[in-house]
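Here's the structure we're looking at; comments come further down.
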């Protein structure tokens, strides 16, 4: 069930991450919370990890609804942290303390990116996060998984940019 949920969230982020900004923030919060719980905090009970992920996601959704500009920075930070963490995990980089540094660097880069180029940043971050979630849900091995992330990322960016261009007309 959790894998199906990650797959569904990943596909929604790939296709509608910019349009559903509050969902993007909540999904990124959930994914970041799950990652922090399982990798950084080494929590092995799935229920506890899900609760931590849900808490992160709920906070993100509330921020997106009531404090949008602050939520934009938080979403960029969490999105960048999650994406760089996923890349590090796919490449078997970082354990324990090193993971915190990777999350921090990714978070700072994500916050800067989203602050400067909001629309494009949300499309890029949601496409990367969606691609990562889909590949993670499918349990793909490293070489195939990295290729799949790249292909899905490009697909997500193109799909969302087309939607953005159609909206302007």
In degrees, nearest 10, range 0 to 90: what is the angle between the Cα axis of helix 118-138 and the longest Cα principal axis of the chain? 40 degrees
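Quick check on packing: order 72-82, 129-139 by the mean number of other C-beta atoms within 10 Å, highest mean leading. Walk me through the numbers before you get to the answer.
Values: 72-82: 26.5, 129-139: 22.7.
With the highest mean Cβ count within 10 Å placed first, the list reads 72-82, 129-139.
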Most to least packed among 100-107, 37-44 [average Cβ atoms within 10 Å]: 100-107, 37-44
On a 0 to 90° scale, report how tilted helix 97-116 is relative to the longest principal axis of the chain, with both axes built from alpha carbons and the result rounded to the nearest 10. 10 degrees
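With n ≥ 4 as the cut-off for DSSP H runs, can you work out [θ] at 222 nm for the chain, using -39500 (n - 2.57) per run divided by the number of residues, rounded to the nearest 500? Let's see the in-between values first.
Working: 7 runs with 142 residues, N = 169.
Mean residue ellipticity, 222 nm, calculated: -29000 deg cm²/dmol.
Using packing as a proxy for protection, rank 119-127, 153-161 so that the peptide with the highest average count of other Cβ atoms within 10 Å comes first. Present the calculation step by step, with values, prior to reporting the outcome.
On the way: 119-127: 22.4, 153-161: 17.8.
Packing order, densest peptide first, comes out as 119-127, 153-161.
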Can you tell me the 0 to 90 degree angle between the C-alpha axis of helix 68-90 and the longest principal axis of the chain, rounded to 10? 50 degrees
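How many percent of all Cα-Cα pairs in the chain sit more than 30 Å apart? Show your work: numbers first, answer last.
Details: 1260 of 14196 pairs.
That fraction is 9 percent.
Read-outs throughout are calculated quantities, based only on the coordinates presented, and are distinct from any laboratory measurement. Remember, it's a predicted structure, so these values are computed and weren't measured experimentally. Note that each Cβ is placed from the backbone with ideal geometry, even for glycine, and that neighbours are counted across all protein chains shown.
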